[in-house]
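The values are calculated or read from the model by the stated rules, or taken from the named source; none is laboratory data. Source: prediction; values computed, not measured. Because the Cβ atoms are built from the backbone with ideal geometry, glycine has one as well, and the counts that use them run over all protein chains shown.
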Amino acid sequence: MFKPYILENMEFDKDSLYKLGKLSKIQIDESKLKSLSSDLGSIVEFIDRLKSIDTENVDPTSNSLDQSLVMRDDIASDVNTPNEILENAPQKELDFFSVPKVIE
Amino acid sequence: MKRNLNFIEASSLLEASETTSVDLTKIYLENIKQAEELNCFNTITAERALVDAEKSDLRRQQGTLKSRFDGIPIGVKDLFCTKNIKTTASSKILSNFVPSYESAVTQNCIDAGLISLGKLNCDEFAMGSTNKTSYYGPVTNPWKSNKSDAKLVPGGSSGGSAAAVAADLCVASLGTDTGGSIRQPASFTGTVGLKPTYGRVSRWGIIAFASSLDQAGPITKTVEDAAALFEIIAGHDPKDSTSSIKEKESFYHNLNSSIKGMKIGIPKEFKSDGLPSSTQKAWDDCMKLLQTNGAELIDISLPHTMDALPTYYIIAPAEASSNLARYDGVKYGIREEGKNLIEMYEKTRSVGFGDEVKRRILIGTYVLSSGYYDAYYIKAQKIRSLIKNDFNQAFEKVDAILTPSTPSTAFEIENEPNDPVQTYLNDIFTVPINLAGIPAISIPFANDENGLPIGLQLITNSFEEQKLLNIAKNVQDTVNYESVPKNWWQE
């Protein structure tokens with residue numbers, strides 16, 4: 001098997017995992033807590049390899065395309081009309097998406 | 001009719017009136033039916049395909065063809081939005097989503113008269129390299145080892161797209177490639193897979209995974225087919241702000257296989273003792289072949305090669321966690337009811353996403369969270385600059401770079417490592433290319449000791465797809481790899 005990286009299989013801290021779940025709006029399933037913490041531990045250990053690389057005086061690249069932003073002409077189009085879009089809504093009322101009550 | 005018809009052959013047969021689009025479409029729909037076991041398609045659009053094929057035949061009679069490829073049946077990865085046709089990204093969360101618009105790429109195919117047979121299975125939200133993360137179940141590789149009857153992965157994430165072409169369920173297909181998702185499955189299935197320069201092909205209407213890396217491309221039976229289909233889908237699109245304004249060339253028309261005097265770089269960082277001997281031999285043989293055909297080999301160094309994979313596993317999940325925030329049970333897709341809005345979000349996303357997608361959202365959220373953003377995300381973007389710079393320097397000396405496409409050939413579906421990082425290694429040779437935004441192609445070169453295809457990867461500088469395709473054609477025409485899988489699924 002091709003194994004160019006050596007990992008020690010760290011575990012990801014469980015409290016931090018619950019916090020990430022809250023931030024990501026994903027419930028952390030109790031039964032999968034152990035495997036998830038081991039998976040995330042491996043991934044974090046893997047990406048931590050980069051910490052030792054010297055990036056002093058290097059600019060970040062967010063996108064590889066060497067082109068300034070192209071603007072398109074501001075012309076109205078009739079694709080994606082409200083009715084078409086609402087067709088996919090799990091719940092709608094009148095011309096609106098409908099969600100559980102937010103204000104008490 | 002000949003099995004495994006390619007794009008160019010199909011167009012010649014149509015032109016010579018030796019077949020019709022309806023007949024071709026019927027043959028492929030029958031092939032698809034017989035290959036149900038491979039699970040290549042999420043949705044088969046038989047009725048619509050036949051209607052479209054009839055229209056194409058009518059255009060041919062009336063001399064109003066949309067292009068010389070009018071009437072050829074293809075398959076489309078289920079990541080491209082298709083108007084009025086279910087588009088799921090192989091996820092439960094989008095299992096009921098019917099787009100009200102057509103992606104730019106599929107619109108270009110419609111404008112060229114191509115016939116879509118349906119939507120091809122892939123890893124969920126294109127996250128994976130085995131096609132096992134699909135909500136609709138794994139795709140089976142049409143290839144089998146000559147030493148075992150075990151089912152093999154087709155690679156991923158465009159596993160359905162690659163397997164469907166290899167099994168002759170369509171003439172060619174469309175895939176997307178964020179870290180190797182076209183080239184790795186092409187390599188595992190003996191097909192040709194092209195990842196164009198970032199910006200060459202519009203991303204409008206492609207369900208986003210990592211927006212700064214995603215790029216659509218063809219998976220085909222030959223290099224000529226790749227050039228032809230690439231030419232159809234490429235071009236500036238005002239609806240994609242990162243679409244290149246460069247004029248598209250006549251890639252197919254300009255195809256020639258002359259490589260005399262070209263310099264081909266061999267990066268020392270891709271050499272590894274862990275590489276299977278058959279892959280190493282294929283790589284060596286291809287170097288000799290290029291030399292014999294008039295190219296010069298040059299040893300080069302891409303010093304940050306080993307940093308590319310961890311860099312990718314910061315940038316891609318970060319962008320994914322942001323892109324996938326839109327799946328919240330409000331605007332489209334499924335909804336799980338909750339006591340309040342937050343609980344509705346959490347339940348919907350927990351039920352709707354699979355394990356790999358959740359892992360990547362969590363990691364992406366982690367590297368973007370307060371206190372970690374500079375240490376991970378900005379750091380990764382800086383290393384991305386170093387990786388891009390490695391390639392810039394290399395291309396001052398060479399025309400193209402030759403590497404293996406993958407560190408192994410197709411492996412057993414049941415035999416995936418438990419540790420996700422080990423699975424990520426599948427993309428170790430393909431990921432640096434996406435980070436640099438340059439084009440690359442995987443072409444089948446030989447079979448390993450188990451009779452499974454080995455793919456080699458050619459890489460050129462940004463917007464040099466013509467040169468890339470020309471070198472690939474030279475290799476293809478010299479090596480004459482004509483191996484196809486035995487059609488065991490029809491027995």
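If the requirement is being over 15 Å from A:Gln27 (Cα atoms), facing chain A (nearest Cβ under 9 Å) and modelled with pLDDT of 95 or more, which of these qualifies: B:Lys388, B:Lys358? Lay out the reasoning, then the answer.
Numbers: B:Lys358 fails: over 15 Å from A:Gln27 (Cα atoms).
Answer to the check: B:Lys388.
Helices (runs of 4 or more DSSP H) wholly in region B:1-74 with at least 3 residues that are of a type in the set (S, T, N, Q) and without any contact (Cβ under 8 Å) to a residue 60 or more places away in the chain - which ones?
Numbers: elements: B:7-15, B:21-34, B:46-62.
In region B:1-74, B:46-62 are the helices (runs of 4 or more DSSP H) which contain 3 or more residues that are of a type in the set (S, T, N, Q) and without any contact (Cβ under 8 Å) to a residue 60 or more places away in the chain.
For region B:2-12, what are the residues that are surrounded by 19 or more Cβ atoms within 10 Å (Cβ to Cβ) and of a type outside the set (Ser, Thr, Tyr)? Walk me through how you get there before you give the answer.
Our first condition is that a residue be surrounded by 19 or more Cβ atoms within 10 Å (Cβ to Cβ); within region B:2-12, this holds for B:5-8, B:10-11.
Passing the criteria: B:Leu5, B:Asn6, B:Phe7, B:Ile8, B:Ala10.
What is the one condition in (1) outside any loop (DSSP other than H, G, I, E, B); (2) without any contact (Cβ under 8 Å) to a residue 60 or more places away in the chain that B:Val105 does not satisfy?
Evaluating B:Val105 over (1) outside any loop (DSSP other than H, G, I, E, B); (2) without any contact (Cβ under 8 Å) to a residue 60 or more places away in the chain leaves (2) as the failure.
With the condition kept exactly as written, say whether any residue in region B:253-274 is part of a loop (DSSP other than H, G, I, E, B), among the small types (Gly, Ala, Ser) and closer than 30 Å to B:Phe69 by Cα. First the steps, then the outcome.
Step one: of region B:253-274, the residues part of a loop (DSSP other than H, G, I, E, B) are B:253-262, B:271-274.
Still in the running and among the small types (Gly, Ala, Ser): B:257-258, B:261, B:272, B:274.
If we keep only those that are closer than 30 Å to B:Phe69 by Cα too, we end up with B:257-258.
The answer is yes, given that some residue of region B:253-274 is part of a loop (DSSP other than H, G, I, E, B), among the small types (Gly, Ala, Ser) and closer than 30 Å to B:Phe69 by Cα.
Among the residues that make up region B:234-246, is at least one of them aliphatic (A, V, I, L, M), surrounded by fewer than 16 Cβ atoms within 10 Å (Cβ to Cβ) and within 29 Å of B:Leu324 (Cα to Cα)? Lay out the reasoning, then the answer.
First pass over region B:234-246, keeping only residues aliphatic (A, V, I, L, M): B:234, B:245.
Narrowing further to those that are surrounded by fewer than 16 Cβ atoms within 10 Å (Cβ to Cβ): B:245.
Subset that is within 29 Å of B:Leu324 (Cα to Cα): B:245.
Within region B:234-246, one or more residues are aliphatic (A, V, I, L, M), surrounded by fewer than 16 Cβ atoms within 10 Å (Cβ to Cβ) and within 29 Å of B:Leu324 (Cα to Cα).
From the list B:Ala440, B:Ala472, exactly one residue is surrounded by 24 or more Cβ atoms within 10 Å (Cβ to Cβ), touching a residue at least 40 places away in the same chain (Cβ under 8 Å), of a type in the set (A, V, I, L, M) and under 21 Å from B:Met127 (Cα atoms). Which is it?
On the way: B:Ala472 fails: under 21 Å from B:Met127 (Cα atoms).
Going through B:Ala440, B:Ala472 in turn, just one is surrounded by 24 or more Cβ atoms within 10 Å (Cβ to Cβ), touching a residue at least 40 places away in the same chain (Cβ under 8 Å), of a type in the set (A, V, I, L, M) and under 21 Å from B:Met127 (Cα atoms): B:Ala440.
Considering only residues of region B:475-491 that are under 27 Å from B:Lys195 (Cα atoms) and free of Cβ contacts under 8 Å to residues at least 24 places away in the same chain, which is surrounded by the fewest Cβ atoms within 10 Å (Cβ to Cβ)?
Going residue by residue through region B:475-491, those that are under 27 Å from B:Lys195 (Cα atoms) are B:475-485.
Checking which are free of Cβ contacts under 8 Å to residues at least 24 places away in the same chain leaves us with B:480, B:482.
On the way: B:Asn480: 6, B:Glu482: 8.
In this case the residue turns out to be B:Asn480.
Taking only region B:98-107 into account, find how many residues are buried (at least 20 other Cβ atoms within 10 Å of the Cβ) and either in contact with a helix residue (DSSP H, G or I) (Cβ under 6 Å, 6 or more places away or on another chain) or under 12 Å from A:Asn88 (Cβ atoms) (or both).
2
Just one of A:Asn63, A:Asn83 is under 30 Å from B:Tyr424 (Cβ atoms), out of contact with any Phe, Trp or Tyr (no Cβ under 7 Å at 6 or more places or on another chain) and polar (S, T, N, Q); which is it? So that I can check it myself, show each step before the final result.
Values: A:Asn83 fails: under 30 Å from B:Tyr424 (Cβ atoms).
Selected residue: A:Asn63, the only one of A:Asn63, A:Asn83 that is under 30 Å from B:Tyr424 (Cβ atoms), out of contact with any Phe, Trp or Tyr (no Cβ under 7 Å at 6 or more places or on another chain) and polar (S, T, N, Q).
Within region A:51-82, which residues are more than 9 Å from chain B (Cβ to nearest Cβ) and not in a loop (DSSP other than H, G, I, E, B)?
Listed by number, the residues that qualify are A:Ser52, A:Pro82.
I'm checking my understanding of the structure. Among residues of region B:122-180 that are farther than 26 Å from B:Phe97 by Cβ and not in a loop (DSSP other than H, G, I, E, B), which one is nearest to the chain's Cα centre (by Cα)?
Selected residue: B:Ala166.
Per-residue answers, yes or no, for (1) under 25 Å from the mean Cα position of the chain (by Cα); (2) buried (at least 21 other Cβ atoms within 10 Å of the Cβ); (3) part of a loop (DSSP other than H, G, I, E, B):
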residue	(1), (2), (3)
B:Trp283	yes, yes, no
B:Cys286	yes, yes, no
B:Ile298	no, no, no
B:Leu309	yes, yes, no
B:Ile314	yes, yes, no
B:Pro317	yes, yes, no
B:Asn323	yes, no, no
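Could you pull out the residue among B:Ile266, B:Ile298 that is closer than 30 Å to B:Lys382 by Cβ, more than 9 Å from chain A (Cβ to nearest Cβ) and in contact with a Phe, Trp or Tyr (Cβ under 9 Å, 6 or more places away or on another chain)? Can you show your working first?
Values: B:Ile298 fails: in contact with a Phe, Trp or Tyr (Cβ under 9 Å, 6 or more places away or on another chain).
Only one candidate passes the filter, namely B:Ile266.
Counting only residues that are facing another protein chain (nearest Cβ under 7 Å), of a type in the set (D, E, K, R) and assigned to a loop (DSSP other than H, G, I, E, B), which one in region A:1-50 is nearest to B:Ala318 (Cα to Cα)?
The residue in question is A:Lys25.
Output yes when any residue across region B:437-449 is among the hydroxyl-bearing types (Ser, Thr, Tyr), under 20 Å from B:Asp399 (Cβ atoms) and in a loop (DSSP other than H, G, I, E, B), and no when none is. Don't jump to the end; show me each part of the working.
Looking only at region B:437-449, we keep the residues that are among the hydroxyl-bearing types (Ser, Thr, Tyr), and these are B:442.
After this cut, where a residue has to be under 20 Å from B:Asp399 (Cβ atoms) as well, the list is B:442.
Checking the rest, the ones that are also in a loop (DSSP other than H, G, I, E, B) come to none.
No; the residues of region B:437-449 include none that is among the hydroxyl-bearing types (Ser, Thr, Tyr), under 20 Å from B:Asp399 (Cβ atoms) and in a loop (DSSP other than H, G, I, E, B).
Does region B:250-281 hold any residues that are closer than 27 Å to B:Gly199 by Cα, surrounded by 15 or more Cβ atoms within 10 Å (Cβ to Cβ) and within 23 Å of the chain's Cα centre (by Cα), and which are they?
Within region B:250-281, B:Phe251, B:Tyr252, B:Leu255, B:Phe270 qualify.
Taking B:Glu247 and the conditions (1) at pLDDT below 95; (2) in contact with a Ser or Thr (Cβ under 7 Å, 6 or more places away or on another chain), which numbered condition does it fall short on, given that it satisfies the others?
Unmet for B:Glu247, out of (1) at pLDDT below 95; (2) in contact with a Ser or Thr (Cβ under 7 Å, 6 or more places away or on another chain): (2).
Looking at (1) at the interface with chain A (Cβ under 10 Å from one of its Cβ atoms); (2) buried (at least 24 other Cβ atoms within 10 Å of the Cβ), can you tell me which one B:Gln457 breaks?
Condition (1) is where B:Gln457 drops out.
Can you name the condition, by its number, that B:Ala216 falls short on among (1) among the hydrophobic types (A, V, I, L, M, F, W, C); (2) in contact with a Leu (Cβ under 8 Å, 6 or more places away or on another chain); (3) part of a loop (DSSP other than H, G, I, E, B)?
If we test B:Ala216 against (1) among the hydrophobic types (A, V, I, L, M, F, W, C); (2) in contact with a Leu (Cβ under 8 Å, 6 or more places away or on another chain); (3) part of a loop (DSSP other than H, G, I, E, B), just (3) comes out false.
From the list A:Glu93, A:Glu30, which residue is of a type in the set (D, E, K, R), under 29 Å from A:Leu7 (Cα atoms) and either surrounded by fewer than 10 Cβ atoms within 10 Å (Cβ to Cβ) or more than 27 Å from the chain's Cα centre (by Cα) (or both)?
After applying the criteria, what remains is A:Glu30.
Of all residues in region B:361-383 being in contact with a Ser or Thr (Cβ under 7 Å, 6 or more places away or on another chain) and either without any contact (Cβ under 8 Å) to a residue 60 or more places away in the chain or under 29 Å from B:Ser134 (Cβ atoms) (or both), which is surrounded by the fewest Cβ atoms within 10 Å (Cβ to Cβ)?
Step one: list which residues in region B:361-383 are in contact with a Ser or Thr (Cβ under 7 Å, 6 or more places away or on another chain), which gives B:361-362, B:364-365, B:368, B:379-383.
After this cut, where a residue has to be either without any contact (Cβ under 8 Å) to a residue 60 or more places away in the chain or under 29 Å from B:Ser134 (Cβ atoms) (or both) as well, the list is B:361-362, B:364-365, B:368, B:380, B:382.
Numbers: B:Ile361: 28, B:Leu362: 24, B:Gly364: 28, B:Thr365: 24, B:Leu368: 18, B:Ala380: 25, B:Lys382: 20.
This residue is B:Leu368.
Can you tell me how many residues within region B:404-434 are under 29 Å from A:Lys51 (Cβ atoms), buried (at least 24 other Cβ atoms within 10 Å of the Cβ) and either more than 12 Å from chain A (Cβ to nearest Cβ) or over 17 Å from the mean Cα position of the chain (by Cα) (or both)?
Matching residues across region B:404-434 total 2.
Being hydroxyl-bearing (Ser, Thr, Tyr) and within 26 Å of B:Ala227 (Cβ to Cβ) is the filter here; which residues of region B:50-102 pass it? Talk me through it step by step, then tell me what you get.
Going residue by residue through region B:50-102, those that are hydroxyl-bearing (Ser, Thr, Tyr) are B:56, B:64, B:67, B:82, B:87-88, B:90-91, B:95, B:100-101.
Result: B:Ser56, B:Thr64, B:Ser67, B:Thr82.
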